[in-house]
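What follows draws every value from the coordinates through simple rules; no lab data is involved. All values reported here derive from a predicted model rather than from experimental measurement. Cβ atoms come from the backbone with ideal geometry, glycine included; neighbour counts cover every protein chain shown.
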Amino acid sequence: MPQAVKPRRSALYMPASRAGALEKAKTLPADVLIFDLEDAVSPDAKEAARAQAVAAASSGAYGPREIVIRANGLDTPWGHDDLAAIAGSGADAALLPKVESDATIRQSATLLDRHGAPDAMAIWAMMETPLAMLRADAIAGSAHRLAALVMGTSDLAKELGAAHTRDRLPFVTGLGLCLLAARAHGLEILDGVHLDLGDDEGFAAACRQGAELGFDGKTLIHPRQVDPCNAAFSPDPDAVAEARRIIAAHAEAEAAGQGVTVVDGRLIENLHVDMAKRTVALAGAVAARQG
């Protein structure tokens with residue numbers, strides 16, 4: 001696995017219309033900052049928010065944090081201008097809302113290309129409707145710039161008529177379809193937000209569930225959620241130690257001409273070594289981010 005893995009444990013939405021929020025974001029330990037031009041911004045503030053988001057993204061003042069700007073949809077009066085501005089902003093990615101087709105990704109990639117976006121600028125796609133769930137595979141394989149899927153479970157709940165339950169059973173099918181599509185096409189994938197800021201126990205449970213399902217991290221709506229989210233999606237020290245033992249034992253077995261080895265009573269195969277290497281790489285990236 002590549003050693004240059006990026007931690008994306010926590011992705012915090014920040015309303016781009018609020019200069020104070022963008023300033024505060026410079027001090028927060030979130031791995032990803034999402035400067036929002038869409039849901040968090042009223043129509044009369046869209047253009048000012050766009051200018052503030054671009055200025056912030058191009059400032060270089062956010063250290064190692066990954067900067068993503070969520071555009072308005074291409075079917076709105078602001079979407080095309082948003083992508084044109086994002087293309088030259090220096091942001092790491094443009095986040096597209098309510099994606100329901102591969103055509104939207106391709107059209108957005110064309111717009112970014114046309115406006116001179118660097119090759120390294122990615123597209124992230126919000127997956128937040130039933131149609132998006134059913135088309136997840138086509139969306140995930142749609143364009144070279146696409147790097148991540150982001151679950152929009154609030155909108156999905158509305159579209160489904162589903163409840164926000166502690167176990168999130170109403171979302172399991174959609175989460176699973178998007179996870180499968182993301183992994184099949186080599187994409188990152190982030191879990192949806194937890195709306196009840198007074199429910200710390202429920203938030204912790206949602207983070208554990210997301211990590212257990214295989215998400216790379218979780219989107220957040222408040223700075224107080226960042227630290228517990230980072231903890232939930234960071235490799236456990238015991239898991240890192242075990243991963244190091246697996247890598248070392250496998251290397252020793254290979255040097256001795258042995259095809260397999262046993263660690264802590266478990267038969268180790270190449271797939272376990274690949275997983276162990278990713279765990280160690282992520283732990284190293286997290287340590288570098290913190291230090």
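Brief remarks follow.
- Relative contact order of segment 237-290, defined on C-alpha pairs under 8 angstrom at six or more residues apart (%): 42 percent
- Extended-chain gain in nm, criterion 0.36 nm per residue less alpha-carbon gap, ASP137 and ASP75: 20.1 nm
- Estimated distance in nm for a label pair at ALA251 and SER58, the labels positioned 7 Å out from Cα along Cα-to-Cβ: 4.6 nm
- Normalised by the number of residues in segment 101-201, the average gap of Cα pairs under 8 Å and 6 or more apart makes the relative contact order 30 percent.
- 222 nm mean residue ellipticity, helices alone, for the chain (DSSP H n ≥ 4; -39,500 (n - 2.57); rounded to 500): -14000 deg cm²/dmol
- Kirkwood hydrodynamic radius of segment 71-135, from inverse mean 1/r over distinct Cα pairs, in Å: 11.8 Å
- The count of lysine pairs in the chain with alpha-carbon distances below 23 Å, taking only pairs 8 or more places apart or on different chains, stands at 13.
- Modelled spin-label separation between ALA287 and HIS144, with each label point placed 7 Å from Cα along the Cα-to-Cβ direction: 3.6 nm.
- Note on ARG278 and ILE221: their simple-model spin labels are 3.0 nm apart, each label 7 Å out from Cα toward Cβ.
- Across segment 248-253, computed HN-Hα scalar couplings (Karplus, 6.51 cos²θ - 1.76 cosθ + 1.60, θ = phi - 60°) run 5, 5, 5, 4, 5, 5 Hz from first to last residue, x flagging Gly and Pro.
- Per-residue HN-Hα couplings for segment 196-211 [Karplus 6.51, -1.76, 1.60; θ = phi - 60°; Hz; x = Gly/Pro]: 8, 5, x, 9, 5, 5, x, 5, 4, 5, 5, 5, 4, 4, x, 5
- Highest mean packing comes first when the peptides 244-251, 269-276, 127-134 are listed by Cβ atoms within 10 Å, giving 127-134, 244-251, 269-276.
- The distance linking segment 4-62 with segment 254-275 is 44 Å (Cα centroid to Cα centroid, whole angstrom).
- For the chain, relative contact order (Cα pairs under 8 Å, six or more residues apart, normalised by length) works out to 18 percent.
- The stretch between LYS6 and ALA231 holds 79.4 nm of extra length on full extension. This uses 0.36 nm per residue minus the Cα-Cα distance.
- Kirkwood hydrodynamic radius of the chain, from the reciprocal of the average inverse Cα-Cα distance over all distinct pairs: 19.9 Å.
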